[in-house]
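This report concerns only the one structure given below.
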Amino acid sequence: MSLSAGCFTVIRGGNLSYYITLALLFVSGIGYGTYLSVDFALLLDILPSIHNKAKDIAVWNQALILPQVLATPIGGFILDFFEQFNCELGLGYIILFAITAAYFFISGIFVVKMDVP
């Protein structure tokens, strides 16, 4: 997913850019689905109490939703702020996708370092 988001930073207009974007979105979707399935499996393995798993999963789900709610207006601000400098280049999208690629990479590092009992 990090590589797909990184590739979005260098895609420019042209005849094939739409199809390249669709292919990258397909790869990104496969990566995200794989990430979520492994994430749920790790979650169920590391939860301490079998009796409170539903409550713990609900709290974990809220922790997933909150960054998405906050990232939307922040991403919009980043996009609007940098698009005013050079709209033909698409600087806002380049910076937005570069930040997204960095966050995907950092989250992958944190998941790899997680200890499973």
Let me check I've understood the local charge: for Leu47, count other residues with C-beta under 14 angstrom from its C-beta, Lys and Arg +1, Asp and Glu -1. What total comes out? -2
What part of the accessible area of the chain, given as a whole %, is carbon or sulfur when the probe is 1.4 angstrom? 72 percent
Options (i) 2, 10, 14, 19, 18, 13, 9, 7, 4, 2, 1, 0; (ii) 2, 11, 18, 20, 24, 17, 6, 1, 0; (iii) 2, 13, 24, 26, 20, 10, 3, 1, 0 - which one matches P(r) over Cα pairs in 5 Å bins from 0, in percent as calculated here: (i)
Global form of the range 38-96, assessed from the alpha-carbon gyration tensor, a/c cut-off 1.5: prolate
Roughly what would the spin-label model give for Tyr19 and Asp115, points 7 Å off Cα along C-beta, in nm? 5.1 nm
What is the angle, in °, between the Cα long axis of helix 53-83 and the longest principal axis of the Cα atoms in the chain? Nearest 10 is fine, range 0 to 90. 10 degrees
How much accessible area per residue does the chain have, in Å², with a 1.4 Å probe? 73 Å²
Dipole magnitude of the chain, debye to nearest 20 (Cβ charges: Lys/Arg +1, Asp/Glu -1, about Cα centre): 140 debye
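The values are calculated or read from the model by the stated rules, or taken from the named source; none is laboratory data. None of the values given here were measured: they were computed from a predicted structure. All Cβ positions, even for glycine, are placed from backbone atoms using ideal geometry, and neighbour counts span all protein chains on display. SASA here: full protein model, heavy atoms, side chains in, ligands and nucleic acids out. Shrake-Rupley method; radii C 1.70, N 1.55, O 1.52, S 1.80 Å.
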